[in-house]
Amino acid sequence: MQRRTANFIMVHCTASPQTWGWQALRDYFLKTLRWSREGYHVVIEPDGAVKRLVDNELPANGTRPFTDAFGTRFSNDNTIHIAWIGGIDRQGNAVMNMTEAQQVSLANVLHWYECNYPSAFFVGHNQVAAKMCPCFDARRFLPQIGVPASRIYRHDNFNINRFNIPKINNESSLRIH
């Protein structure tokens, strides 16, 4: 299979209970929503386990097409979607409840994509959709884990400055091995 061009690596949360595993998420996409394919390429479970849902060479259903005020076009065809399981509380309200294990795994996954998709920019879903997802400001989180500023999509289309970024401990351990 020929390698698909990805212009963006988009960070999401699943907006699901943290008790869900990857199979519950897959069932939600395929059986409940009746989508032809899952919404994310990779999901990170609360214990930090990384699960692949869609091969990188295929588009996932992670976002609606969007062209921002600067003419940048986002679509599932040019984006790889990475999500951590969680992002809502027991009442269904958005909350930043990413576990430390998820933070470590997210950093490692994003570094893998940084190395393997050298022309892709990293972006939070909330930068291109009027949603809370991924429940933090990726523009502030990504430099903390070592993603170069030149690889981070900087535009804020939906005023996400109100989000708090997670504190990551022992940043030196957040590298792909």
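Taking the listed residues Lys31, Lys51, the one that is of a type in the set (Lys, Arg) and modelled with pLDDT of 95 or more is Lys51, with no other qualifying. All conditions in (1) crowded, with 16+ Cβ neighbours inside 10 Å; (2) over 20 Å from Ala138 (Cβ atoms); (3) in contact with a strand residue (DSSP E or B) (Cβ under 6 Å, 6 or more places away or on another chain) hold for Thr79, with the sole exception of (2). The residues listed here are Phe121, Phe70; of these, the one that is open to solvent by 40 Å² or more (accessible area, probe 1.4 Å) and within 14 Å of the chain's Cα centre (by Cα) is Phe121. Condition test on His41, is it under 17 Å from Asn126 (Cα atoms) and open to solvent by less than 10 Å² (accessible area, probe 1.4 Å)? So His41 fails the test. Scanning region 146-162 for residues that are modelled with pLDDT under 90 and open to solvent by less than 10 Å² (accessible area, probe 1.4 Å) yields a single hit, Ile160. Selection over region 44-65 of residues that are under 16 Å from Met98 (Cβ atoms) and either open to solvent by less than 50 Å² (accessible area, probe 1.4 Å) or free of Cβ contacts under 8 Å to residues at least 24 places away in the same chain (or both) gives a count of 5. What do you reckon, is Met96 in contact with a strand residue (DSSP E or B) (Cβ under 9 Å, 6 or more places away or on another chain), open to solvent by 40 Å² or more (accessible area, probe 1.4 Å) and at negative phi? When the stated conditions are applied, Met96 passes them.
Just to be sure before I move on: is Thr32 of a type in the set (S, T, N, Q), surrounded by fewer than 21 Cβ atoms within 10 Å (Cβ to Cβ), touching a Pro at 6+ places or on another chain (Cβ under 7 Å) and farther than 21 Å from Tyr153 by Cα in the structure I sent?
On the way: of a type in the set (S, T, N, Q): yes; surrounded by fewer than 21 Cβ atoms within 10 Å (Cβ to Cβ): yes; touching a Pro at 6+ places or on another chain (Cβ under 7 Å): no; farther than 21 Å from Tyr153 by Cα: yes.
It is false that Thr32 is of a type in the set (S, T, N, Q), surrounded by fewer than 21 Cβ atoms within 10 Å (Cβ to Cβ), touching a Pro at 6+ places or on another chain (Cβ under 7 Å) and farther than 21 Å from Tyr153 by Cα.
Quick grid of which residues meet (1) of a type in the set (A, V, I, L, M); (2) open to solvent by less than 20 Å² (accessible area, probe 1.4 Å); (3) part of a loop (DSSP other than H, G, I, E, B):
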| position | (1), (2), (3) |
| --- | --- |
| Arg90 | no, no, yes |
| Ala129 | yes, yes, yes |
| Arg139 | no, no, no |
| Leu142 | yes, yes, no |
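For residues that are exposed (fewer than 13 other Cβ atoms within 10 Å of the Cβ) and either of a type in the set (Asp, Glu) or in contact with a helix residue (DSSP H, G or I) (Cβ under 9 Å, 6 or more places away or on another chain) (or both), tally how many sit in region 4-26. Before the answer, list the steps.
Here is the first cut: in region 4-26, the ones exposed (fewer than 13 other Cβ atoms within 10 Å of the Cβ) are 5, 19, 23.
Filter once more, keeping what is either of a type in the set (Asp, Glu) or in contact with a helix residue (DSSP H, G or I) (Cβ under 9 Å, 6 or more places away or on another chain) (or both): 5.
Matching residues across region 4-26 total 1.
Scanning region 105-118 for residues that are part of a helix (DSSP H, G or I) and open to solvent by 50 Å² or more (accessible area, probe 1.4 Å) yields Trp112, Cys115, Asn116.
The values are calculated or read from the model by the stated rules, or taken from the named source; none is laboratory data. Only a predicted model underlies this, so the values are computations on that prediction, with no experimental measurement involved. Backbone-built Cβ (ideal geometry, glycine too); neighbour counts: all protein chains shown. The accessibility values were calculated without ligands, DNA or RNA, using every heavy atom of the protein model including side chains. Shrake-Rupley method; radii C 1.70, N 1.55, O 1.52, S 1.80 Å.
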